[in-house]
1. Once fully extended, how much extra length lies between Asn204 and Leu241, figured as 0.36 nm per residue of separation less the alpha-carbon to alpha-carbon distance?
2. Test of understanding: given the chain, find the longest segment containing no trypsin sites (Lys or Arg not before Pro) that are in a DSSP loop and have at most 16 other Cβ atoms within 10 Å.
3. Can you give the three extents of the C-alpha atoms in region 127-231 along their principal axes, from longest to shortest, in whole Å?
4. Rg and Dmax in Å for the chain, alpha carbons only: what are they?
5. For the charge dipole of the chain, defined by +1 on Lys and Arg C-beta atoms and -1 on Asp and Glu C-beta atoms about the Cα centroid, which residue among Thr238, Trp62, Ser284 has the Cα displaced farthest towards the positive pole?
6. Any idea what the relative contact order of the chain is, in percent, if you count C-alpha pairs under 8 Å spaced at least 6 apart?
7. I want the antiparallel fraction of DSSP beta bridges within region 91-243, as a percent rounded to 5.
8. Along the principal axes of its C-alpha atoms, what lengths does region 219-295 span, in descending order and rounded to whole Å?
Amino acid sequence: MDLALSAEAVTYRDQLRAWVSEHLPEQWRDVPVGTGDDEAYVAMRREWGRMLHRGGWLAPHWPVARGGRGLGVDAQLAFLDVLVAAGAPEQMNTNGMGIFAPALMAFGTEAQQDRYLGPMLAHDDIWCQGFSEPGAGSDLAGLATRAVPDGDRFVVSGQKVWTSYALFAQRCYLMVRVAGVPDGVTMVVLHMDRPGVTVRPLRNITGTSEFCEVFLDEVTVDADDVVGGIGDGWRVATYALARERSTGLAQRALQLSRELELMNARLHRDGHADDVLVDAFVRSRAVDSTVRRVLATVAD
Ligand SMILES: Cc1cc2nc3c(=O)[nH]c(=O)nc-3n(C[C@H](O)[C@H](O)[C@H](O)COP(=O)(O)OP(=O)(O)OC[C@H]3O[C@@H](n4cnc5c(N)ncnc54)[C@H](O)[C@@H]3O)c2cc1C
């Protein structure tokens, strides 16, 4: 696939750039990633997502029927380029929109897509990812969270860890092992407000708490919240993760390049370039190029 911008993507990019320069509040520009008070930071990102949604700018590559513009993935990359160049914060729901939504569109039922995609785009539902466990990180195949079938529902117990923004999330795409089914790894949608869900933030070295532990104690998941079929969890997860490693990372790599440039400018007002920062900058550009190449291979 050719990632050069189509004429439609160029028009979209130029209109978005004009809109951002008019609507992005000055105090939201170049806020360092993941700093400051968590709640205020998340609230800013959520409100920015809502503003972009109301303006009709989010997810230009989604189908029109789902709230997008029906453009190509080149328009989504243009979106990231414009926002990062303006120093805009990352909108809040990248986990849902960037990672899970493509899998939901590929494997979810029409009813599931109707139920979840609209509130996700509007930033009414913030999503988190429930994959990693204390005994299952790189070795995700060791996941032990159990879902026991019980009529038209499952009863889920277990523990997740490193769950980004779980403290603020309304929904979680959760990998479970269905009891009594060989190879029963399955993707389900968890409603975070159900009884039995406990979220504990993990404070990291910067003093913020993006990561959380999520404890699940006999939590009910509805049977019609299984995405794909029972035992299809790997297929759904690898599809979603291919997207995580593409557009999501492109935004982070672009933001990192910009922060390194700003840092260098602050340190060296005479225009001198710091070797360490230049090295990090080149690496961040290499990551950006790599994820664009990955995107070209996974884009439909
Ligand atoms: C910024 C960030 C956000 C994240 N957000 C989420 C999230 O929202 N939801 C979620 O579910 N997870 C999330 N994760 C977790 C992440 O995706 C990984 O699953 C997790 O970090 C890896 O598991 P672990 O920490 O237990 O490390 P381990 O799996 O214990 O690995 C520790 C080290 O051992 C190495 N290692 C492991 N196995 C082998 C092997 N067989 N051979 C050689 N070396 C090996 C690894 O490369 C690593 O260096 C996030 C991680 C990061 C960094």
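1. Working: separation 37, 0.36 × 37 = 13.32 nm, distance 2.39 nm.
Fully extending the segment from Asn204 to Leu241 adds 10.9 nm.
2. Working: sites that count: Arg29, Arg203, Arg269.
No qualifying site falls inside 30-202, the longest such stretch.
3. 44, 28, 21
4. Every Cα atom of the chain included, Rg and Dmax give 19.9, 70 Å.
5. Ranked along the dipole, the leading option is Ser284.
6. Contact order relative to length: 16 percent.
7. Counting only bridges with both partners in region 91-243, antiparallel ones make up about 80 percent.
8. 63, 29, 14
Each reported figure results from applying straightforward, stated rules to the coordinates on display, with no laboratory input. These numbers come from a predicted model, not from an experiment. Glycine gets a Cβ as well: all are built from the backbone with ideal geometry, and neighbour counts include every protein chain shown.
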